[in-house]
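Worksheet: the structure to be examined is printed underneath.
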Amino acid sequence: MNSVIERCLQAAQFDDQRLEVRREMVDLHKLVSDVLTAGGQPERVQVQMPHALTVRTDRQLLFIALHNLLENACKYAAADTPVTLNLSMGGVGSAGPCVLLTVANVPGASGWPDPQRVFEKYYRSPSARRMAGTGLGLYLVRHLVLKIGGAVRYEPNSTQVRFTVDLPVALRGV
C-alpha cells in the first residue's frame, strides 16, 4: 500500500510541475546497489556494467526511475527467470555521450505491453490487471528520465520485454 501511495504522490508532484532537478555526480555502481537493496527481489537481477561509471544527474529521480523499471520487470517476468540490468557507454546523443541502461525480462502471464500505450498514465495491459498495480510506474519512468535530460524507449526483442534509457553523462551548460 505504501508503494501505491508513493507512486501516486510522485505522479501528482510531476503533474503539478513541483519536481526540481538537483544535479550531482552520481556513481552508478552505488546507485544500482542502493536500488537493488531497496527492491523486493535483488537476487533475481543480473547486473552487467563497467567498473567505473559516473554521470551528472539527479540521484533521487534516477533512483525512482530505475527502481520502477526493475520492480515492473520482476513483477511481470515469467516465474523463476532472471531480470537483466545492463549499463554501458553508448553513442553520442543530442546532449553528448550517453550511458545506456537496459532492463530486460522474459514476459510472464501478463504478456507483452502495448507499445503504443506502455508509457500512458494508468495504462495496464488486460492480462496485467490481475496483479496489484497502479499503471503509474512506466509513466513516472518516462517523465522522470525526460526531466533529467534522458530518453526512454520500449524495445522488445523476440524473447524479452526491454526498456532502454539513454542517460547523458553530463548536460552541456549545467
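The values are calculated or read from the model by the stated rules, or taken from the named source; none is laboratory data. Predicted, not measured: the structure shown is a model, and the values here were computed from it. Using ideal geometry, Cβ is built from the backbone for each residue, glycine included, and neighbour counts are taken over all protein chains shown. Protein only, heavy atoms only, side chains kept; ligands, DNA and RNA dropped before computing areas. Shrake-Rupley method; radii C 1.70, N 1.55, O 1.52, S 1.80 Å.
Miscellaneous remarks
- Which listed residue is modelled with pLDDT of 95 or more, part of a loop (DSSP other than H, G, I, E, B) and either open to solvent by 20 Å² or more (accessible area, probe 1.4 Å) or aromatic (Phe, Trp, Tyr) (or both), from Thr159, Thr134: Thr159
- Among (1) at pLDDT 90 or above; (2) under 21 Å from Pro168 (Cβ atoms), the one test that Ala52 misses: (1)
- Pairing each residue of the range 62-75 that is of a type in the set (D, E, K, R) with any residue that is at pLDDT below 95 and open to solvent by less than 10 Å² (accessible area, probe 1.4 Å), provided the two are 6+ apart or on different chains, yields C-beta distances under 8 Å for Glu71/Gly137.
- Among residues of the range 32-46 that are surrounded by fewer than 18 Cβ atoms within 10 Å (Cβ to Cβ), those with a beta-carbon under 8 Å from a residue that is polar (S, T, N, Q) at least six positions away or on a different chain give the pairs Gln46/Thr84.
- Residues in the range 61-115 that are under 19 Å from Val21 (Cβ atoms), outside any helix (DSSP H, G or I) and under 12 Å from the mean Cα position of the chain (by Cα): Leu101 alone.
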